[in-house]
1. Where the centre of each part is set by its Cα atoms, how far does region C:225-287 sit from region D:63-122, in angstrom?
2. Suppose every K and R has +1 on its Cβ and every D and E has -1 on its Cβ; what is the size of the dipole of region C:10-312 about the Cα centre, in Debye to the nearest 20?
3. Could you pull out every residue, at least 5 positions away or on a different chain, whose amide H is within less than 5 Å of the one on A:Gly54? Hs are placed 1.01 Å off N in the peptide plane, and Pro or chain starts have none.
4. Roughly how far apart, in whole Å, are the Cα centres of region A:2-23 and region C:150-207?
5. Would you mind estimating how fast region C:1-83 diffuses translationally, via Stokes-Einstein at 4 °C and 1.567 mPa s with the Kirkwood radius over Cα pairs, in µm²/s?
6. In Å³ and rounded to a whole number, note down the convex hull volume per residue for the Cα atoms of region B:57-139.
7. Mind giving me the FRET efficiency for D:Leu91 and C:Leu302? R0 is 22 Å, r the Cβ-Cβ distance, nearest 0.05 is fine.
8. Let me see the pair-distance distribution of region B:1-91: every alpha carbon pair, 10 Å bin width, integer percents in order.
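Read the figures in this text as sums done on the coordinates, not as results from a lab. Everything quoted here is computed from the prediction, not taken from an experiment. Reconstructed Cβ throughout: ideal geometry from the backbone, glycine too, with neighbour counts over all protein chains shown.
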Amino acid sequence: MTVVTVLLVAAVLLGIGTWGVLSQQSFVMIMMGFELAINGVMLAAGALWRFTSGGEPRGQVLVVVAMLVMAVEAAIGFALVVAVSRARRADTTEGIAELRR
Amino acid sequence: MTGTWVDIAFGVFAVAAAWFGWRVFVTDSMVRATFSLLASFLNVGAILVLLLAEYLGVAMFFMMGVEMTVMAIYMVAFMMNPAGLNPMQMVHQPRVAVVVGVLSTAGFGAVALAADLDTVAIVDPDGTIRALGHELMGSSMLVMQVVGVTLVATMVGAVVLSAASGRFGPADVGSVPPAIVPGDDTTRPGVDVGGDGGGHDHDHGHGGGAHGHDDGGDA
Amino acid sequence: MIEVAGAAHPVVGALVVVAVLALGAMAVAVTESVVTAHVAGSPLGSAWSRPWRRAALVLARPQPVTERPDTLLWVLAPAAYVGMAALGLTVLPLGTVWAVADVRTGIVVLGSAEVLAMVAVFLHGWAPNSPLPLVAGYRFVAAGLSFLLLSIFVLIAAALPAESMSFGRIVASQEDGAWNVLRQPLGLPLFLVVALAVSLHGPLDVADAGELAGGTTAEVSGPARLAWGFARRAMLTTYAVATAVVFLAGPAGPLLPGWAWLAVKSLAVVVVLVWIGQRTARVPVERFVRVAWTVLLPLSFLHLAIAGVVTLA
Amino acid sequence: MAQSMLGAFLAVATATVVAATAVAGVALWRRPVDPTAVAWSATLPWLGGHEPETHAWNRFHARYYPMTLVLLAFEMEMMFMYPWAVVFAELGTKALVEMAVFLALLSLGVVYLWREGGLAWQ
């Protein structure tokens with residue numbers, strides 16, 4: 001377990017997440033992709049904190065902020081899903097025709 | 001635990017994190033997809049514990065457990081075919097997506113390999129939680145209070161968007177066209193209530209689409 | 001004086017945890033039977049042996065087959081639920097100087113166990129592909145997302161005087177000062193609510209009560225049903241021990257060895273919990289959610305404030 | 001010391017896995033209903049004898065969406081409160097005031113949820 005191996009794992013998670021975001025049609029599945037990408041980011045931040053910072057607490061704060069981004073993204077994202085579904089009965093990106101105009 | 005065991009554990013958790021992450025997007029069952037993502041998070045949490053970020057790793061279990069439970073609710077409510085009983089393809093631009101995914105992995109990985117990162121040992125591995133506490137109450141205090149404001153904004157936004165009715169009646173009054181027949185929600189212009197209506201005209205073969213909207217019972 | 005115990009050998013730790021959960025689950029089953037008989041005014045004689053006879057009957061029953069269940073998750077659910085009871089127990093001190101692993105993040109580990117137990121209950125409702133268990137799973141999640149906050153605030157309040165999130169330190173801080181039941185008086189009732197809800201007992205038994213058509217267990221019978229019955233009693237055991245540790249100074253006490261004091265205190269908590277369960281009517285989930293957010297959550301803020309001021313005084 | 005922390009978590013993980021596996025073993029032990037004896041019910045949910053009116057694996061609308069979303073945002077405060085609890089006694093009144101401000105701020109969100117009727121079933 002070195003800084004490089006951990007960062008490589010983070011890169012894989014980021015890549016899978018990106019693939020998911022781009023390929024999925026459903027709102028909720030797209031959010032899953034984002035979360036997996038943020039998962040990779042948190043791992044990378046943890047690795048850099050562990051191996052290169054000497055335990056500087058700000059590195060930990062960075063991970064907490066990444067988690068916060070995830071929570072905000074999830075809460076607002078789900079709320080949008082509910083609102084769009086209620087108003088338009090749509091649950092995929094293609095379902096909202098208005099966005100194409 | 002000695003170094004070798006840490007390496008072995010890291011390998012297991014790393015493979016599991018990636019494998020579960022991949023399963024999220026290939027399984028048909030929405031609940032399995034959600035909890036595969038949770039499993040990926042748990043493995044990353046375990047790696048964080050191996051990285052001596054004890055608090056962050058364990059907190060990951062906690063936070064992601066809650067977040068994925070909520071996620072599961074929305075997956076079942078807003079995906080047609082939650083259990084994956086009818087296999088279906090819910091993707092677009094699959095080739096582009098794979099290429100971009102591989103490229104981003106390669107790019108990020110190349111940065112990791114190329115960057116000449118000096119390894120610095122952690123000064124006080126037993127004091128990491130206390131150090132984080134002092135940081136949050138000290139120089140990162142502003143971060144915490146800004147986070148507080150952000151979270152309030154998030155909560156208000158989420159309630160505005162998701163609550164069906166506020167104190168002043170239905171939340172979407174005025175934002176949707178009125179029904180042709182008064183009181184009949186299904187005759188509203190732009191509302192698709194047919195079994196195979198315009199909103200779902202892509203390539204997922206299933207029969208339980210739009211009419212499933214109102215099937216849910218009360219929890 | 002409790003010292004941070006470090007870690008037991010993994011094999012020893014696993015054996016102790018399994019033994020405690022098994023003994024605890026049996027104690028809970030017998031307590032339930034006896035308290036039920038006592039409340040009903042029926043003779044106690046046969047109540048002592050009733051759990052064993054019922055277990056044997058359950059074992060002999062056949063398992064219904066539903067159409068395309070998610071078999072993997074169906075088996076995983078009770079296993080994960082017991083696993084989370086075990087996870088919570090590992091970080092609790094079980095003797096004066098002994099815990100399986102008195103880690104520095106003890107209360108976070110217990111909180112994680114609680115959250116993941118909620119996932120297990122949801123999966124138990126989802127897996128059989130049957131409407132009633134599914135509805136019960138959602139019902140429990142609504143309650144679970146509400147009582148979660150209470151347990152976190154209560155445990156954080158207990159961590160304030162201990163200056164640590166380790167349960168060993170929490171016990172030590174009570175030996176130095178007063179027991180938490182006295183200096184943080186709101187904590188015990190709030191935590192009892194959590195203990196009942198997370199272990200699917202008493203008035204908050206919303207996931208698998210018999211009167212609610214069996215809830216998540218509507219399609220489970222035979223050995224798998226026995227496993228689920230064991231799991232929820234194992235969870236009650238873990239939370240009874242946690243209650244004894246956090247509020248009654250766990251293994252601390254004169255004359256008797258630490259584990260004996262802990263056993264006595266935990267058993268007392270079990271009796272109280274079961275008795276509450278027998279004497280109170282089930283709360284509808286919607287009402288519980290409203291009460292949890294509008295009454296219990298402000299109470300836990302107040303509790304936190306009291307704990308903070310008392311710690312600084 | 002760091003190594004002993006990992007050793008502690010090894011013990012935590014071992015006990016968890018052993019207990020879970022033991023119960024998985026019991027839960028795996030299933031005795032199927034004899035399909036020749038009760039042919040029609042063999043692959044239907046039992047439901048206490050009622051006939052199922054719906055497929056369970058359909059869309060299921062939970063009635064408490066706003067509450068879950070507020071919780072998602074609200075529980076983020078835990079990430080700050082745990083480390084805060086550890087240094088609380090050391091920092092004293094300053095820490096008390098700081099967390100009081102933080103929690104008061106977050107409570108606004110909960111109060112808003114309650115006033116908008118978000119706690120009622122939608």
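1. Each part reduced to its Cα centre gives a spacing of 28 Å.
2. 460 debye
3. B:Val120
4. Result: 39 Å between the Cα centres.
5. This corresponds to a translational diffusion coefficient of 78 µm²/s.
6. Cα-based convex hull of region B:57-139, divided per residue, equals 210 Å³.
7. 0.55
8. Each 10 Å bin holds this share of Cα pairs: 18, 40, 26, 13, 3.
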